[in-house]
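Chemist: Just dropping this structure here.
The values are calculated or read from the model by the stated rules, or taken from the named source; none is laboratory data. The shown structure was predicted, so the numbers you read here are calculated from the model rather than taken from an experiment. Cβ atoms come from the backbone with ideal geometry, glycine included; neighbour counts cover every protein chain shown.
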Amino acid sequence: MVHDLAKVGPRPSPSIHASAVRVGEQAVLIRGPSGAGKSRLAFELILAGRSGQLPPTILVGDDRVHLDTRDGEVWVRPVESLAGLIEIRGLGIRRCGFIAGARVGLVVDLMAEDAERLPSVGALRTRVNGVMIPRIPVARDCLPFLQVVAAFITTETSCSSNLSANCVEGIGNHIDGTIAPE
């Protein structure tokens with residue numbers, strides 16, 4: 001599936017080093033240093049969309065993308081020369097169906113310095129082009145695919161305002177005293 005890139009929006013924004021896929025109605029913007037696994041995560045999410053683990057998922061762009069802000073939303077689109085291409089480690093650059101643009105609804109930062117087992121509320125949001133967007137900071141040794149899928153299929157229930165009465169530490173990760181006894 002190839003869409004006309006000329007219909008997506010203004011051209012002048014510089015490209016950034018990132019990948020993006022649209023999951024359902026929103027894009028996941030995947031950032032991180034070279035070799036962090038941006039392309040791999042993008043492809044894993046595409047496969048999860050095809051298998052029904054996630055809503056339908058399609059590539060927006062791999063390796064470099066443009067970000068545009070309009071009407072208080074951030075939109076991502078592929079760099080024209082890379083549109084429809086994705087790197088698959090061990091196979092090289094491959095063609096893949098893509099969409100010409102999507103609204104960014106989630107940012108995934110791979111190898112994030114501030115990634116923690118129980119992140120603060122502030123770490124779970126980031127400002128992109130002046131717009132606050134939900135964020136997943138992923139540690140170097142974690143599997144980002146699991147965290148992203150979990151973000152889509154679970155709801156927040158263990159925040160500081162919803163602590164278990166049995167949680168002595170007050171960190172909110174104990175659901176029930178019989179499950180996680182002190």
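Chemist: So in region 93-112, with the set limited to residues that are of a type outside the set (G, A, S), farther than 17 Å from P144 by Cβ and touching a residue at least 40 places away in the same chain (Cβ under 8 Å), which one is surrounded by the most Cβ atoms within 10 Å (Cβ to Cβ)?
Modeler: F98
Chemist: Can you tell me how many residues within region 78-109 are in contact with a Gly (Cβ under 7 Å, 6 or more places away or on another chain) and in a strand (DSSP E or B)?
Modeler: 4
Chemist: I'm trying to understand the selection: among the residues of region 50-77, which are part of a strand (DSSP E or B) and either farther than 24 Å from I133 by Cβ or of a type in the set (A, V, I, L, M) (or both)?
Modeler: I58, L59, V60, V65, L67, V74, V76
Chemist: Name the single residue that is farthest from R40 (Cα to Cα) among those in region 58-107 being at pLDDT below 95 and basic (K, R).
Modeler: R70
Chemist: Report, by residue number, each residue of region 113-132 that is without any contact (Cβ under 8 Å) to a residue 60 or more places away in the chain and either surrounded by 16 or more Cβ atoms within 10 Å (Cβ to Cβ) or touching a His at 6+ places or on another chain (Cβ under 9 Å) (or both).
Modeler: Residues satisfying the conditions are A115, A123, T126.
Chemist: Now for a separate question. Output the number of residues of region 19-49 satisfying the condition of being assigned to a loop (DSSP other than H, G, I, E, B) and within 19 Å of V74 (Cα to Cα).
Modeler: Result for region 19-49: 3.
Chemist: Quick one: what pairs do we get from region 49-63, first residue more than 24 Å from I93 (Cβ to Cβ), second outside any loop (DSSP other than H, G, I, E, B) and not hydrophobic (A, V, I, L, M, F, W, C), C-beta under 8 Å, 6+ apart or different chains?
Modeler: Qualifying pairs under 8 Å: P55/G49.
Chemist: So L118 fits all but one of (1) in contact with a Lys or Arg (Cβ under 9 Å, 6 or more places away or on another chain); (2) in a loop (DSSP other than H, G, I, E, B); what number is the exception?
Modeler: (1)
Chemist: Out of all the residues in region 71-89, is one or more within 22 Å of L146 (Cα to Cα), in contact with a His (Cβ under 9 Å, 6 or more places away or on another chain) and of a type outside the set (D, E)?
Modeler: No, that holds for no residue.
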